[in-house]
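Q: One structure coming up, written as structure tokens, with questions to follow.
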Amino acid sequence: MRSKNLLTVLLLFCVCTMHAQNNNAGITIKKTAGFPQFLINGKPFLMLGGELGNSSTSNIDYLKPSWKYLQQMHLNTVLVPVYWELLEPEENKFDFTLVDGMIADARQHNMKIVFLWFGTWKNSMSCYAPLWMKKDPKRFPRTLDTASRSQEIFSAFGKQTLEADKKAFAALMRHTKEFDGTDKTVIMVQVENEIGMLPTSREFSATADSYFNTKLPADLMSWLQKNKNNLVPELKEKWEKQNFKTNENWKNTFGEGVWTDEIFQAWYYARYTNEVALAGKKEYDLPMYVNAALPRPGKLPGQYPSAGPLPQVMDIWQAGAPALDMLSPDFYNPSTKYWCDLYVRNNNVLFVPEMQFDKTCAAKAFFIIGHYKALGFSPFSIESENNASVPLAKSYDVLQQLTPFIVNKQWMDMDGFLLDKQNKSISVKMDQYNLTVSHEATLSWSSEAKDSVWSTTGGMILQTAPGEFLVAGTGIVVTFENTDKNLVTNIAAVDEVRYENGKEIKGRRMNGDQDHQGRHVRFSVGEWGIQKVQLYNSPAKIDN
């Protein structure tokens with residue numbers, strides 16, 4: 001009898017182990033300090049992406065003409081909306097036609113997919129939830145506006161809403177594993193889209209108020225106490241002003257006002273999203289993240305989508321949603337460095353899933369990938385141009401060539417740069433050299449020097465060996481100086497290079513007017529490329 005029970009236990013162990021192994025997608029994020037890596041079957045991958053317009057994947061045929069242009073633009077990843085209302089038009093009846101069609105088209109064009117789950121919330125609203133849910137507010141409660149009127153935003157406290165979202169998301173992930181688990185076309189998933197409360201700073205209802213007026217959840221307080229010294233300043237200051245109270249309600253813990261409302265709402269958004277993510281990962285364990293609509297200057301919670309995964313509440317999100325791999329910003333403002341700096345705190349890995357698709361994003365791609373070692377970059381409505389000659393395509397061409405160097409860390413140092421009329425020059429130290437990277441318009445003969453508005457330019461530099469650098473980008477000038485004042489650094493050679501299938505192909509030797517007779521390395525505005533630079537040093541003073 002004992003041996004029979006032992007056999008049963010062993011069989012159950014094997015089944016559970018096999019399920020765990022089969023559930024593992026083989027796609028992970030390795031969070032090495034200072035250099036995170038996105039790994040597919042152990043091989044690093046850099047996402048040169050583009051997000052499709054909100055409605056573009058609701059019809060397979062609509063997008064078909066665009067795939068060839070996306071390929072010609074050197075994209076390797078497309079961010080694809082998945083609509084709950086079309087996935088589950090009737091309760092418990094799922095239709096994966098659109099999902100399968102998008103995966104098939106991406107495979108045909110040798111691209112990867114990041115799914116965007118337009119589930120309970122999309123840009124704060126519940127516009128992509130199924131109609132059968134919208135028609136049943138008693139079962140699926142809504143939030144109230146400032147006049148206490150129902151609005152088309154499902155409450156984060158709706159238990160049946162959460163269960164319905166979990167069920168649908170799990171079905172999507174289960175089907176994705178069955179349809180694509182071997183090919184691994186789908187590599188990551190965004191859970192919901194730009195979660196945030198409008199037009200109030202938090203939910204106001206009998207249920208929400210009861211939670212707000214009770215003590216903070218024990219698991220949150222435990223997390224805050226454990227991480228007290230590492231909290232972001234925006235949160236720590238509010239708690240500190242209340243003398244770091246540990247056994248109080250939300251108002252007494254963080255103070256009275258809309259900022260505490262936001263902290264409270266962020267916790268319950270995070271817990272909700274974590275449950276959805278866990279349900280999906282149980283079926284197919286892909287990396288998952290959430291994205292945030294960044295507020296405009298001077299706006300208060302509720303005037304912007306309150307309580308999303310924003311920098312001031314990132315501790316709350318990390319505590320409440322540990323199933324998520326990262327928090328990501330969506331950019332529709334020019335303050336790129338400011339927001340990126342905030343999003344790399346607390347060991348958060350940077351991925352930019354959405355950015356305004358304009359001329360500046362071509363330079364920002366170099367900066368975000370080079371400076372922040374971001375996992376990827378993705379302008380929004382990428383199919384709107386259907387033009388393979390847009391500036392972003394030229395940046396992606398360069399980044400595609402440099403990808404083996406970047407992701408395999410074939411560099412001693414790497415940095416990215418973003419320049420405009422307000423930020424004309426940036427200095428950085430690499431090994432024994434001080435590098436100055438300037439906008440090309442700083443040269444007196446530059447055509448842009450006379451213009452009232454300079455183009456946004458940028459680039460990246462990889463030091464690949466002592467005295468050897470790869471300089472890439474557009475509209476930049478780079479000079480080199482030795483940190484040892486007893487040595488003068490000179491340019492030995494500048495070569496145009498391309499990289500194809502891992503092989504270096506040399507172009508012109510640029511040791512004349514192009515590098516100003518050895519004074520600098522330069523790309524004109526409107527010019528993209530890679531230049532390989534060799535330096536040599538000579539004594540600053542030579543005795544005769």
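Q: Give the stretch 236-253 a look and list any residue that's open to solvent by 10 Å² or more (accessible area, probe 1.4 Å) and in a helix (DSSP H, G or I), or say none.
A: Listed by number, the residues that qualify are Lys236, Glu237, Lys238, Glu240, Lys241, Lys251, Asn252.
Q: Output the residue which, of all residues in the stretch 167-195 that are part of a loop (DSSP other than H, G, I, E, B) and at positive phi, is farthest from the chain's Cα centre (by Cα).
A: Within the stretch 167-195, the match that is farthest from the chain's Cα centre (by Cα) is Lys184.
Q: Give me the pairs, please: first residue somewhere in the stretch 66-90 and farther than 22 Å from Gln190 by Cα and assigned to a loop (DSSP other than H, G, I, E, B), second residue anywhere and of a type in the set (D, E, K, R) and open to solvent by less than 60 Å² (accessible area, probe 1.4 Å), beta-carbon distance under 7 Å, and either six or more positions apart or on two chains.
A: His74/Asp397
Q: Could you please give the count of residues in the stretch 528-542 that are closer than 23 Å to Leu418 by Cβ and assigned to a strand (DSSP E or B)?
A: 5
Q: Kindly provide the set of residues from the stretch 27-43 that are outside any strand (DSSP E or B), in contact (Cβ under 8 Å) with a residue 40 or more places away in the chain and not small (Gly, Ala, Ser), ordered by number.
A: Selection gives Lys31, Phe35, Pro36, Asn41.
Every residue, every condition in (1) on the phi > 0 side of the Ramachandran plot; (2) small (Gly, Ala, Ser); (3) touching a strand residue (DSSP E or B) at 6+ places or on another chain (Cβ under 7 Å), yes or no:
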residue	(1), (2), (3)
Pro287	no, no, yes
Ala292	no, yes, yes
Gly298	yes, yes, no
Ala321	no, yes, no
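Q: Could you please give the count of residues in the stretch 489-527 that are open to solvent by less than 60 Å² (accessible area, probe 1.4 Å) and part of a loop (DSSP other than H, G, I, E, B)?
A: Going through the stretch 489-527 one residue at a time, the tally reaches 10.
Q: Same structure, new question: Out of (1) under 16 Å from Ile316 (Cβ atoms); (2) out of contact with any helix residue (DSSP H, G or I) (no Cβ under 6 Å at 6 or more places or on another chain), the odd one out for Phe204 is which?
A: (1)
Q: So which pairs qualify, if the first residue must be in the stretch 211-226 and within 14 Å of Ile263 (Cβ to Cβ) and at pLDDT 95 or above, the second must be basic (Lys, Arg) and assigned to a helix (DSSP H, G or I), the Cβ gap must be under 8 Å, and the two must be at least 6 apart or on different chains?
A: Correct list of pairs: Phe212/Lys251.
Q: Could I ask something else about it? Restricting to the stretch 281-303, and then to whatever is touching a residue at least 60 places away in the same chain (Cβ under 8 Å) and over 20 Å from the mean Cα position of the chain (by Cα), can you tell me which residue is most open to solvent (accessible area, probe 1.4 Å)?
A: Only one residue tops the list, namely Lys282.
Q: Pick out the one residue from Lys364, Lys359 that is basic (Lys, Arg), within 20 Å of Leu419 (Cβ to Cβ) and part of a helix (DSSP H, G or I).
A: After applying the criteria, what remains is Lys364.
Q: Output the number of residues of the stretch 334-349 satisfying the condition of being in contact with a helix residue (DSSP H, G or I) (Cβ under 8 Å, 6 or more places away or on another chain) and assigned to a loop (DSSP other than H, G, I, E, B).
A: Residues meeting the conditions: 4.
Q: Something else about it: Mind listing just one residue for me: the one in the stretch 180-209 that is of a type in the set (S, T, N, Q) and within 30 Å of Ile40 (Cβ to Cβ) and, of those, most open to solvent (accessible area, probe 1.4 Å)?
A: Per the stated criteria, the residue is Thr182.
The values are calculated or read from the model by the stated rules, or taken from the named source; none is laboratory data. These figures come from a predicted structure and were not determined experimentally. Glycine gets a Cβ as well: all are built from the backbone with ideal geometry, and neighbour counts include every protein chain shown. Just the protein is used for accessible areas: all its heavy atoms, side chains included, with ligands, DNA and RNA removed. Shrake-Rupley method; radii C 1.70, N 1.55, O 1.52, S 1.80 Å.
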